[in-house]
Amino acid sequence: MPAVQRRRAGQFLNRIVEHLNEPENDIALRIRSDPRVARVVWDALSAAYLADFDSKVEALARVASLGVRDTALVDEARYKIGVIASLEAIHVRLLLALETELKRDPRNYPKVASLLPVSEGLAQGLCADLLRLALVEAAGLSFRGLHSQVRLSAFGQEILRFLRDDDWRLDS
């Protein structure tokens with residue numbers, strides 16, 4: 001595993017340099033001169049090191065690039081890095097399925113167990129995870145505090161944008 005983790009860390013660092021499109025020395029100087037910027041890069045690098053899929057590494061590099069480029073976005077970048085770091089592949093599959101449903105009917109709160117081949121219990125657990133991260137929204141209150149029907153939130157759409165290879169630019 002250490003070889004895979006080193007490769008992911010290297011991939012992350014290369015992608016930041018590409019996204020910023022600046023000399024590496026300038027980027028390194030910015031990181032060394034501002035502890036908040038250094039923390040953004042460290043948080044994202046740590047998460048990339050442990051990432052289990054490439055789009056997660058890419059998303060972390062994209063978000064970290066925003067914080068390195070503009071120090072006004074450091075706090076926002078750190079928050080988004082934490083959210084992306086906590087996502088597993090099954091969460092992303094659910095977010096993508098919810099995105100498809102949102103395009104089909106924006107008012108619908110589909111049953112998660114019907115979107116993914118999972119048990120009702122796992123569906124509730126996934127919903128709880130994504131609700132806690134504000135990536136989805138529920139139609140109303142549940143007396144048990146568990147939900148099995150949700151739809152993609154605006155923040156969920158934003159995070160999916162970072163996870164995609166298409167339609168992303170540093171200046172957008």
Report task. Work out from phi, with θ = phi - 60° and the Karplus expression 6.51 cos²θ - 1.76 cosθ + 1.60, the ³J(HN,Hα) of each residue of segment 123-138, listed in order in whole Hz, and give x for Gly and Pro. Result -> 4, 5, x, 5, 4, 4, 4, 6, 5, 4, 8, 6, 8, 9, 10, 9
**Report entry** Helix 54-69 axis, angle to the chain major axis (alpha carbon atoms, nearest 10°)
**Finding:** 60
Query raised in the report: All other residues with a Cβ under 12 Å from the Cβ of LEU45 taken together, and with Lys, Arg as +1 and Asp, Glu as -1, what is their net charge?
Result: +3
Requested in this report: Mind jotting down the three principal axis lengths of the chain based on Cα atoms? Whole angstrom, largest first.
Outcome: 53, 35, 28
Requested in this report: Starting from the Cα-Cα distance between ARG32 and ASP70, subtract it from 0.36 nm times their residue separation and give me the gain in nm to one decimal.
Outcome: 12.2 nm
Report summary line: Per the Kirkwood formula over distinct C-alpha pairs, the hydrodynamic radius of segment 1-42 in angstrom is 11.1
Query raised in the report: So what's the gap between the Cα centers of segment 69-117 and segment 9-36, to the nearest angstrom?
Result: 27
Query raised in the report: At q = 0.27, 0.29, 0.33 Å⁻¹, what log₁₀ I(q)/I(0) does a Debye calculation on the Cα points of segment 68-109 give, no solvent, two decimals?
Result: -0.84, -0.89, -1.01
Query raised in the report: What ranking do 23-31, 110-118 get when scored by the average of other Cβ atoms within 10 Å per residue, highest first?
Result: 110-118, 23-31
Query - D (Stokes-Einstein, µm²/s), Kirkwood Cα radius, segment 2-86, 1.567 mPa s at 4 °C - result: 105
Report summary line: Once Lys and Arg are counted +1 and Asp and Glu -1 for all other residues with Cβ under 13 Å from that of ASN108, the total becomes +1
Report summary line: Amide H contacts under 5 Å for SER153, restricted to residues at least 5 apart in sequence or on another chain and with H modeled in the peptide plane, are VAL136, GLU137
Report summary line: Per-residue Cβ contact counts at 10 Å, fewest first, order ARG32, ARG161 as ARG32, ARG161
Requested in this report: Based on other C-beta atoms within 10 Å, arrange PHE155, PHE162, PHE12 from fewest to most.
Outcome: PHE155, PHE162, PHE12
**Report entry** Spatially proximal lysines relative to LYS103 (Cα-Cα < 19 Å; intrachain offsets below 8 disregarded)
**Finding:** LYS111
Report summary line: Listing SER65, SER148 by rising number of other beta-carbon atoms within 10 angstrom, fewest first, gives SER148, SER65
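Laboratory data are not the source of any read-out in this text; all were calculated from the coordinates shown. All values derive from a computational prediction rather than experimental measurement. Reconstructed Cβ throughout: ideal geometry from the backbone, glycine too, with neighbour counts over all protein chains shown.
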